[in-house]
Structures are given as C-alpha cells and as structure tokens.
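Accompanying notes for the structure given below.
The values are calculated or read from the model by the stated rules, or taken from the named source; none is laboratory data. Just so we're clear, the structure is a prediction, and the values are computed from it rather than from any experiment. In this analysis, Cβ positions are derived from the backbone assuming ideal geometry, glycine residues included, and neighbour counts consider all displayed protein chains. Protein only, heavy atoms only, side chains kept; ligands, DNA and RNA dropped before computing areas. Shrake-Rupley method; radii C 1.70, N 1.55, O 1.52, S 1.80 Å.
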Amino acid sequence: MRVRMFWILVLSFVAFSALIVRTGYIQLVNGGELTDKAEELWGRSIPAEPERGLILDRKGDILVGNKNAPTVYVIPAQIDDPKQAAEKLAAVLGEKESVLYERMTKRSSIERLSSKGRHLSAETARAVTDLQLKGVWVGEDSIRNYVLKDRLAHIIGFTGADNQGLAGIEAYYDKKLSGTLGSIQMYTDAKGNQMPGLANDYEAPVNGMDLQLTIDADIQAVMERELDQAEKTYKPDAAMSIAMDPNTGAILAMSSRPSYDPARFNEYDPDIYNRNLPVWSTFEPGSTFKIITLAAALEEKEVDLDQEHFFDPGHVEVNGTRLRCWKREGHGHQTFLEVVENSCNPGFVELGSRLGEKKLFTYIRKFGFGEKTGIDLYGEGSGILFTEQSAGPVEAATAAFGQGVAVTPIQQVAAVSAAVNGGILYEPFVAKSWTNPVTGKTEAVHKPKKVRQVISEETSKEVRRALESVVAKGTGRNAFVDGYRVGGKTGTAQKAKDGRYLENNHIVSFIGTAPANDPKVVIYTAIDNPKGTVQFGGTVAAPIVGKMMEDILPLLHVPKQMNQIEKEKTWNDPDLVSVPNLIGLSKEKLKEQLINIDIVIEGTGNTVASQSPKQGVKVERGSKVRVFLK
Amino acid sequence: MIICSRFDYRVWKQYSRQALILAFVLLIAVLIPGVGMIRNGSQSWIGVGSLSFQPSEWMKMALVFYLAAALSERKKTIHLFWKGLFLPIVVIGAAFGLIMLQPDLGTAAVMGGTALILLFSAGAPIHFFVTIGASAITGLVLLILSAPYRMKRITAYLDPWSDPLGSGFQIIQSLYAVGPGGLFGHGYGESRQKYYYLPEPQTDFIFAIWSEETGFIGAVWIILLFFLLIWRGVYIAMRLDDPFGMLLVFGLTGMICLQSFINLGVVTGLLPVTGVTLPFLSYGGSSLTMTLALAGIVLSASRHMR
C-alpha cells in the first residue's frame, strides 16, 4: 500500500512541476505578447493626430500651415442613453440623429465620427464639450491651411480627409510631412468605466518635419501676376511657367493654369489638379529647341557664328522633302548669328545636317530629352523622341528646328540651363531642406545633383551671346529689359491632334535667361492657344517673360549692367532716349536740355536738387522728367 | 477544521455508510426540479437563496469515507472482483453518474480520480485499471458526444483564439490575467482582469488573479504550498498503522491534490475548462467548509502517527 502511495506522490510531483513550467512559460516567455493583447483589451485609445509639417518657401515664409480642427470620438460602452446622446449631439453637429445613434450603439470600443463630426471649428468643438455627454470625446486634430489658395497649387498639392497627402509635394513627401500618430490611452473595465489604479497614458504624436521649398514666394507672385494678365488678355486653353536657378536646378517658381484651390480640390475636374502642366504636358517645343541644335553644333565646332554665312531662300530640300522657313520669302543672306536671331529654319536644318542625325540625337539625349528629369513631383512626362533606328535625315532636319519631337517644359528648362550655365545638366528639385519642428534644427539639405557635363564652358558662353543677341536684335526682342542682359529664344509649335496638326492652334513659348554673362535664372513660359492675337512666341510669350525678368531679377539681387547688347530698333519699337544728368544745373541751363524730353519743374529755386527718373534710365522720346529745384 | 481535528477520525468509519446514503439522497434531490437550483447551466445547488450548497461537495467527501472504510475491510479480498471490488465500483459509478446528470464534469472528475487513487493504493490489481482506463476513454467520448458544449471546451482548449468571444473566452481572459503578471506581478489588489473581464474571478479563476497580482513568484509559491500540503498528507498517511486511517488521509489528500491540479491546469490553459474551485483559496461556502473539514480530519489522524 505504501509503495503505491509513494508512486502517486511521485506522479503528483511531476504534475505540479508541469504546472510551474506552464505558469513560467505564460508569465515569463509569453508575458509580453499577452500583455500587449490584454492592454489592447483594456485600452480605449483616442488618437492624437500629429501636426503635419509646415511647407515654407526658401526664405521661410509659410506656404502651407495647419488649422486646429478637432474631431469627435464616441466610446459606445460609456454611453448610458445613446438615444438622448445622439439627439443632443446631432443638434450641435448638424448631423443626422440616426447616423450618430448607429455609431453610438455599434459594438466597437471606439468610433471616430466622420463628415460632420470631423474637423470641427473651435466653436462647434466647444459646444460639443459643453454638452458634457458621457462617452463623447473631442480629440485633437488639424487640417491644412493653404494660405496661397490657387497659387502654387500644383506644386503643393493637397491632403485628403485623413490628412494624407494625395497630390503634389503633400503626396511626394507624405511620409516625412505626416509624422507619427499618438494617442491618449484610457484603461477601462469591461463595462467601459475607467479602471482604478491605472493612469491614462499619453503617447505624444510625433509631428511631421517642416519642409522648406526652393520656391520663392515673391518670385512666384510675379509669375502668377503675369499669368493672370496673360489669361485675361488671351483667354488661352492653358498656360504654364517655370523659373529655375540654372546653377543648381532649384525651382524658384512654377505655375500651371488652369489652377485650383487645394482646400476645395474635389470641386474641380480631376484633370485640372492631376496635371501639373510644366512637368506633365508633352508637346512639340518649336524654335526654343534650336538652342539645343546650336549648342551641339558649337560644341562640335561645326559652325562659326560670325564668320560663316548662310543664304535662306525660304525653304530647304532634304531627301526630296521640302521644309519651309517660317518666313515665306526667306531671310536671304545672313551670318549664322543672324540665323539664330531670325530663328531661320533652313539655317538650323543646315546645322543639323552638318552634325548628322546620330550626333544630333546623341546631344538631344545628353541634354536630358527622352527621359524624366527626376524632379521631385509626381506625374512627370518623359517626352517622345525618334528611336535611333527610325531617325533619318528628314527627322534630324525637323528635330533641328524643334519639330517632330515632343518634350516637357521642365526638360526644356533643365536643358537650356545646361546650355547656358557652363554646360552642366542639373536635376531639377523643389524640396530644399527638412527642419525638425521641435528642435528647429535643419536635418536634411538637398544638394544640387549634377547629371552630366553636356557641353564645355566655352560653348556655353557662345550660346549665351547668341541668345542675348536674339533678344536684342532678333525674334525675342519683346523680352528685352533695359539694364538686364536677357537672352532667350522664342518658340511656336503647332498642336497636333490624332496625328494631324491643328489649324490656328499653337503653343507659343519663350525661354529666357539673365544676365547673359552669368545666368541667375532661366524662365520658361508657354501659352496654349492664345486668342485674338498672332500666335507667335515672340509676340505673346516673349513680353511675358520680359516682364517677369524685370521684376524677378531685382528679387535675386542681380544688379543692372550698362554693357548689354543694345536693342535694335524696329518700326514699332518706341524711340528711347537716355535721361541726362540734370542735378546741379541752373534753371537757365535746363532749357537747353529740352531736345528729347519734357521737363516738369517743381519747387522754387535756381539749382536742380534731384530728378526722376535718374540719369541713364531710358525713356521714350518726349517722356516727362520731374526735377526739384532748390 | 478545528472541530473536525478534535474528533477521532475513526468515528468517520462508523458513520461512513450513513454519510454516503445522505449524500445519495441529496444528489437525487438536487436533480428534482424545484428543489435543485440551476447555476451556470448546472443543476447542482440545493437550498434557499444564499443559504445553499452543492451536494456533490458532500458526496466527494462521503465517498472517500466510504471507500476508506470499505476498502480497509476488504483488504484481503481486494484482488477478487465480486467479493472485493464489485460493491465499491457500483457505489463509485452511481455517484459519478448522478453528478454527471447535473452535469458537473469537474467535480465528477475530481471524485472519480480520487476513487481511482484509493482503489490503486488499496491494492486493486493493475489489469483492473487497464479495463477502467479503456472504458473511461469510451465513456469520455460518449459524454462529449452527448453534450456539445464539452466538445467546444475541448476545441477551445486546443486553440482558444479560434473563438475568442465564445468558447475560448474564459481561457483567453485567464491568460490575459496570468501573462501580464510577469515575474513580480502588478502588486496586491492591482489586478485589472478582475474588473469584469474575467468571469468568476473570485472562485474558479482566483489563481489567475493571484498570479496577475503577484507574478510568477507568487504563483510558484502557491503551487509549492499545495505540493507541500500533499507531501505532508502522504507523509501522515504512510505513518499511520490503521488501514482505514491511511486510506482516509491519503484519499482526502489525493482529492485536494487532484482538485487543485485541475483548477491550476485550467487557469493556465493546460487543461480544458471545467468548473472546479481551488481548495482553500476560492470564494464559496460549501467548497471552503468541506476543504477545511477535510484538513481537520487529516489533522486528527495525524495525532495517531507513529
């Protein structure tokens, strides 16, 4: 009997040892996992939304901020009388009672209200709090404040109902901007009442990083003003513009019309907010593309702009195909510099054939055409080029003056920047730096990214001279700005639809840079199908870029220079005279100066103390100059 | 406990048959509708209002008295079936069957297990246990087939997370209590699961709350205490000369051992859920009274140790 009892004792020892092992396994090995699951069970967490990172311009002005917009949460288990609670809350929120009742009676630990219960104004939020309803909580939340409204909208983009980036920078850098969700953790018993002895945890949300853009709000304002004006004047189908620092690839301003208000994006046609035209649209560049042919021909030393001459009869024959110059009767006898100034098509066909189709297309690709520039914006197009096999002499000839290839505006800006900045192709970018909103420390700065050296500094210098000459003496004359050495090239491209060119429907463009001796900015503007005007880039787009240059260059602290190529007068150009120095002259002597200008005398005295405009400023013949006598 | 410890344990031998008959009467009475009360799906309570108790608790003890008496008398004929084991087995079977009618699988298991321990230690032949084991498995299968809720408990035991709000609920909630306890626990009175999450936190699942509050250290301490109790019980039993005393003490100890093992096994998810209280610790009048009485009897027997 005792022996058997002993065996049972042994058996029970084994059994109880098993219990200890099991308990140890649960508590020590499995404990963490079980604790997490259990805390999930006890916890009712009210999310604390992180503040989305600010978007600033390159000087630190806020372009996109945040507005407080609290959100209502309900914890169904804590609500004693859902019918009454729903009724009261419905009255304050303006939401349907049945909708609220349904949420309040849902078998769920916590419910976040949508539509009318989300993103409340401060007053509504206070009204909800004042109701003092059990189980109804107001959680911190915020929405975007797009201070620029429809300005820069395509670059900035917008966020959706959950503050998630959906377009533009907001989408491209959503992760860094959005931060990490925090929460207020309440521990409750199974009936939803607060559990004694367990403090509520507050896990602070980690706010998103502040993003500083390369965009300059002031430059942007100038650009938008000019495009507003252009839209008013020409009622175009679309308009787009880019201003870039050619020495880094930093985008200073970018605009796409028609635009939209990011705060109300859903009221617009998706095509409007989805298409950021300066990077999306792909079309025949027209004559602006001649800059590429010119740069290639200069780099290969196929042409001497001043010494070589070319005769344009108005057309040129390539492999039996007759290609015409835009000027019917032709430009006649000209130097190659004049070929560039006149934007003479047969002249560029000549340059193209000197290079040969292979070399020409190699340069076109080296300048970045046919592939995305890599700008940090979604929806970029890559353009369409002939494949190396299909490119024959005719294709090379048309490409030489900008037809038969399709490119994006941003590609042109990057390529022309490379042509004028000393030959380096840069990757365009919009995000300049990231700053931690708490420490204020800048944590990441975008470094300009060189893609490749395309042409030499020598060649680039020649290109700049030719472009300045185009503005001073050629087709770009309307972009001329007195004192600033603007260089540039016009472009007029027929729009094609279903494989055929449209009649009287052009995209007119101008790409310019200044100052020609040391380019600080490249500005591109294209107007799609302007109405009530001759559809020429020189007529429509060049003056727009000219006006932009005039106001943007001072913002970039570019001083005026005296040694620019003088503008050649044409019959419709106003006759300009330089204002002489009048200060210090006596009243009598003033009269001798009255040849070209109309002097308005103010004040009493005998000697001129000040004058407006100042000496050297060019004014139209017969303009008024005010002098103050003392 | 003190009262019981003052009585000579041998009186239980004289009254064991009366105690058994009373237990049977009560067990039958509890099954009569209107007399027995249904709690948690089992008709196992008798009495009025809060003054109620479980006859099965009484039966557990009475059976030990009876078996200790009967087996000690049949010491010489234990190896024979008809003269030796037949009557005890009929009694065990009847008591088991009545409790299963309530139904109360946990108590029945504890009682049946205790009976087997007694038969084993009294010297019943091994082939007998083989037969019992085979028929027990058959019986278990039949029992499970007859009541679907038992099957659910088995599946819940194998994978509690397959039905977290239904059959797996108690195990999961129990594990949620034990697991977060860690090495040292949340501290005395700091349990979270006892706030309505875990059903029966003061009775069947007291150990879950205990290990939540005191951690692994506290849990091991309790388990060791139970083992110490068992060890002492067996020690007392072995030191007695009287076969009745030996079997009585051993049977009572075995009962506490089995019951605590089943309870702890359930709480830690080692065994399928059966409603068994933890001796000494669970809240509940009849269970605690009985356990203390048992301890008293063991103590009284201990006075007669060699």
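What the table below lists for this structure:
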quantity	calculated
Strands (runs of 3 or more DSSP E) enclosed by the stretch B:1-102 - at least 2 residues per element that are open to solvent by less than 40 Å² (accessible area, probe 1.4 Å) and at pLDDT below 80	B:42-48
Sole exception among (1) surrounded by 17 or more Cβ atoms within 10 Å (Cβ to Cβ); (2) outside any helix (DSSP H, G or I) for A:Glu329, by number	(1)
Within the stretch A:492-512, tally of residues that are open to solvent by 20 Å² or more (accessible area, probe 1.4 Å) and among the aliphatic types (A, V, I, L, M)	2
Residue count for the stretch A:537-549, restricted to those that are open to solvent by less than 10 Å² (accessible area, probe 1.4 Å), small (Gly, Ala, Ser) and in contact (Cβ under 8 Å) with a residue 60 or more places away in the chain	3
Of all residues in the stretch A:513-531 being farther than 13 Å from A:Val471 by Cβ and aliphatic (A, V, I, L, M), the one that is surrounded by the fewest Cβ atoms within 10 Å (Cβ to Cβ)	A:Val521
Residue match in the stretch B:256-266 (condition: in contact (Cβ under 8 Å) with a residue 12 or more places away in the chain and farther than 22 Å from A:Leu19 by Cα)	no
3 or more residues under 18 Å from A:Tyr146 (Cβ atoms) and not charged (D, E, K, R): qualifying helices (runs of 4 or more DSSP H) within the stretch A:202-300	A:217-234, A:270-274
All helices (runs of 4 or more DSSP H) inside the stretch A:101-192 with 3 or more residues being surrounded by 22 or more Cβ atoms within 10 Å (Cβ to Cβ), within 40 Å of the chain's Cα centre (by Cα) and in contact (Cβ under 8 Å) with a residue 12 or more places away in the chain	A:153-156, A:168-172
Evaluation of B:Leu278 against (1) out of contact with any strand residue (DSSP E or B) (no Cβ under 8 Å at 6 or more places or on another chain); (2) assigned to a loop (DSSP other than H, G, I, E, B); (3) open to solvent by 20 Å² or more (accessible area, probe 1.4 Å) (one fails), failing number	(3)
Residue within the stretch A:367-374 that is under 27 Å from the mean Cα position of the chain (by Cα), modelled with pLDDT under 90 and open to solvent by 20 Å² or more (accessible area, probe 1.4 Å) present	no
Yes/no for A:Val394 being over 21 Å from A:Leu213 (Cβ atoms) and modelled with pLDDT of 95 or more	no
Residue match in the stretch A:550-560 (condition: modelled with pLDDT under 80 and open to solvent by 100 Å² or more (accessible area, probe 1.4 Å))	no
Residues satisfying the stated conditions in the stretch A:434-469, i.e. assigned to a loop (DSSP other than H, G, I, E, B) and either open to solvent by 90 Å² or more (accessible area, probe 1.4 Å) or closer than 30 Å to A:Met209 by Cβ (or both)	A:Asn436, A:Pro437, A:Val438, A:Thr439, A:Gly440, A:Lys441, A:His446, A:Lys447, A:Pro448
Selection from the stretch A:51-96 of residues that are exposed (fewer than 15 other Cβ atoms within 10 Å of the Cβ), outside any loop (DSSP other than H, G, I, E, B) and over 42 Å from the mean Cα position of the chain (by Cα)	A:Lys83, A:Gln84, A:Glu87, A:Ala91
Residues located in the stretch A:386-432, provided they are part of a loop (DSSP other than H, G, I, E, B), closer than 23 Å to A:Glu350 by Cβ and not polar (S, T, N, Q)	A:Phe386, A:Glu388, A:Ala391, A:Gly392, A:Phe401, A:Gly402, A:Gly404, A:Val405
Condition met for A:Val534 (among the aliphatic types (A, V, I, L, M), open to solvent by 10 Å² or more (accessible area, probe 1.4 Å), more than 21 Å from A:Lys461 (Cα to Cα) and not in a strand (DSSP E or B))	yes
Residue within the stretch B:235-249 that is in a helix (DSSP H, G or I), under 21 Å from B:Thr107 (Cβ atoms), among the small types (Gly, Ala, Ser) and at pLDDT 80 or above present	no
Candidate set: the stretch A:37-66, residues that are modelled with pLDDT under 75 and over 19 Å from A:Ala204 (Cα atoms); chosen: the one nearest to the other protein chains (Cβ to nearest Cβ)	A:Ala38
Residue in the stretch B:129-147 that is within 14 Å of another protein chain (Cβ to nearest Cβ) and open to solvent by less than 30 Å² (accessible area, probe 1.4 Å) present	no
Among the candidates A:Ala414, A:Ala419, residue that is surrounded by 17 or more Cβ atoms within 10 Å (Cβ to Cβ), more than 30 Å from A:Leu54 (Cβ to Cβ) and among the hydrophobic types (A, V, I, L, M, F, W, C)	A:Ala419
Matching option when the condition is at pLDDT below 85, within 10 Å of chain A (Cβ to nearest Cβ) and surrounded by 21 or more Cβ atoms within 10 Å (Cβ to Cβ), among B:Val273, B:Val267	B:Val267
Boolean, A:Pro196 is over 30 Å from A:Lys531 (Cα atoms), within 14 Å of chain B (Cβ to nearest Cβ), open to solvent by 10 Å² or more (accessible area, probe 1.4 Å) and modelled with pLDDT under 95	yes
Filter pass, B:Ala124 being under 17 Å from B:Met61 (Cα atoms) and surrounded by 15 or more Cβ atoms within 10 Å (Cβ to Cβ)	no
